[in-house]
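One structure is given here, and the rest of the page talks about it.
The values are calculated or read from the model by the stated rules, or taken from the named source; none is laboratory data. These numbers come from a predicted model, not from an experiment. To get the accessible areas, we keep the full protein, side chains included, count just its heavy atoms, and leave off ligands, DNA and RNA. Shrake-Rupley method; radii C 1.70, N 1.55, O 1.52, S 1.80 Å.
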Amino acid sequence: MAGAAVSDQKLTAELDFGAHEELLASFPFPHLVELTVELSDRTLTVHTTVTATADKAVPLVYGYHPYLQLSDVPRADWHVEMPAMRHLALDDTGIPTGATAERPQTAEPLGDKLFDDGFDQVADGRCSPSPAGDAG
């Protein structure tokens, strides 16, 4: 079963992975994925829900790499609010080592920071193109 609901500001789509034999051939864990993307008040929110649809757990990791470009606002001037989360330490090959560190909620200029790390226990967060020091 696959479906979608669309409005001017919101898209919700789902895919029943278990209903597609060609997908199960490469990842044999039946599950339903629902993705909701919403744009509201200069905030892009992405919610992903994965529900196992068989009697076994679904091993997975999700990561999003938004490649955003906002006209007339240099990246150094973007302001990012990061939720409290847990950082997963990685080895030289990008594999988690098992070590973790709690990261408190922060609000700061994005500047040249990169976030190509592992995180879990992530609450809602926000990134907006407001000038540094202006939260919104």
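Quick notes
- Computed with a 1.4 Å probe over protein heavy atoms only, the accessible area of residue 40 comes to about 50 Å².
- Where the range 9-61 is the region considered: accessible area per residue in Å², 1.4 Å probe: 66
- Averaged per residue, the range 72-113 has 65 square angstrom of accessible surface, using a 1.4 angstrom probe with ligands and nucleic acids left out.
- Database remark: amide H of residue 103 closer than 5 angstrom to the amide H of 85, 86, 87 (H placed geometrically; neighbours at sequence offset of 5 or more, or on other chains; Pro and chain starts carry no H).
- Remark on residue 44: its backbone amide H falls under 5 Å from those of 127, a criterion applied only to residues 5 or more positions apart or on other chains, H modelled at 1.01 Å from N.
- Here the accessible area of the range 1-100 is 57 percent carbon and sulfur, with a 1.4 angstrom probe and all protein chains present.
- Karplus 3J(HN,Hα) series, Hz, for the range 70-76 with 6.51 cos²θ - 1.76 cosθ + 1.60 (x for Gly, Pro): 10, 5, 6, 9, x, 3, 4
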